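Visitor: Let me give you the structure first, and then I'll get to my questions.
Read-outs: derived from the displayed coordinates by stated rules, not from any lab. Just so it is clear, the model here is predicted, and its values are computed rather than measured. Reconstructed Cβ throughout: ideal geometry from the backbone, glycine too, with neighbour counts over all protein chains shown.
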Amino acid sequence: MKAAHNIAAPAGNGVLLPSLAMVGSTLFWGTMWIGLREIDAAGMPATLGGTMVYGLPAIVLLPVLLWRWRGLKGQHKGLLLCGAPLALCNILFAMAVVTGEIGMVVLMFYLSPIWSTVLERILLRVHISPLRWAGIALAIAGLLVLQGGNGRLPLPSNASEWMGLVAGLCWAVALLAARMWPQVSVFDKSIVQFVCALPIGIAVFLLVSATFLPGEWPEPVSFFNALPWAAITICLWVIPSLLLSLWGAARLSPGRANILMMFEVVVGVGSGALLAGEALGWSKVLGGVLIISASVLESWQATREARAAHKTGAAGRKGATT
């Protein structure tokens, strides 16, 4: 579902085209479920559709990774800790939007500011600012509105929503790894996520098939029937979304890029309602607004921290030259 954004990318002078690129990428990310559901309809289980879409490019990219691997000495740990969670994020999200309600899955995914804040506090000992506490409160409030009715606990209501939630956690882990290893290029992270998608996708299929979504390994004819739609999904959704989001994120501040990515919620919820006949009630709208607001606060805080770090670095360089 996601590319490894360069979270250290500074904002450039011209932000209109990169901003349009980021918004354009959300149109592809938010409607990719169409291709994934066609793969499922062609006979490939939902548990393997994402593996096809994200794993098939690995056949082409694996030689590139092997060729570059030796030159990436000292970066292998960062590559794997960023690429593997991204791959798992994409696989789980692909499964979730096929088997569950698209709008709810997207909203569960965008609870990721909670995970980002918790992980940074535990692993990096980052101080949680009042702005981030407010973001967590908004995200939890959104979850309460979405899931806390009829006396239920405010938790995901089915396996698909849990997969969306865990996909958001994986996304937060990948972003944290990208922050801890900023020297690893976006290009290399993107290659690794595709290469990891194949073994991780198969492992997820075996685990899921043995538990809550029983299924058998598909016949070869099912694979070949689904192959055209897998190719279409890769060419019409995955590649354009990756190119647009990577190009845009590299030219924008992390806060601006993340805020623009919030448009995926609108696209996902809207396309699910218009094209898949999903209900669009006030609870979903209000919960979505609260969750988007939480992500905006998280992105705003990231921008403030990046600017503060930039000013500190600039002051240090100025002092060193005097």
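Visitor: Could you tell me whether the range 5-113 comes out rounded, prolate or oblate from its Cα gyration tensor? Rule is a ≥ b ≥ c as square roots of the eigenvalues, rounded for a/c under 1.5, then prolate if a/b exceeds b/c, otherwise oblate.
Guide: oblate
Visitor: Please compute the length gained on full extension between residue 222 and residue 121, using 0.36 nm multiplied by the number of residues separating them and subtracting their Cα-Cα distance.
Guide: Between residue 222 and residue 121, full extension yields 31.8 nm more.
Visitor: Run the quick spin-label model on residue 159 and residue 187: label points 7 Å from Cα toward the beta carbon, then report their separation in nm to one decimal.
Guide: My value for the distance between the label points is 4.1 nm.
Visitor: Between residue 266 and residue 62, 0.36 nm times their residue separation minus their Cα-Cα distance comes to what?
Guide: The residue 266-residue 62 span can extend by a further 70.0 nm.
Visitor: Now, a different point. Please list, in order along the range 220-229, the HN-Hα scalar couplings obtained from phi with the Karplus expression 6.51 cos²θ - 1.76 cosθ + 1.60 (θ = phi - 60°), rounded to whole Hz, x for Gly and Pro.
Guide: x, 5, 5, 4, 5, 5, 7, 4, x, 6
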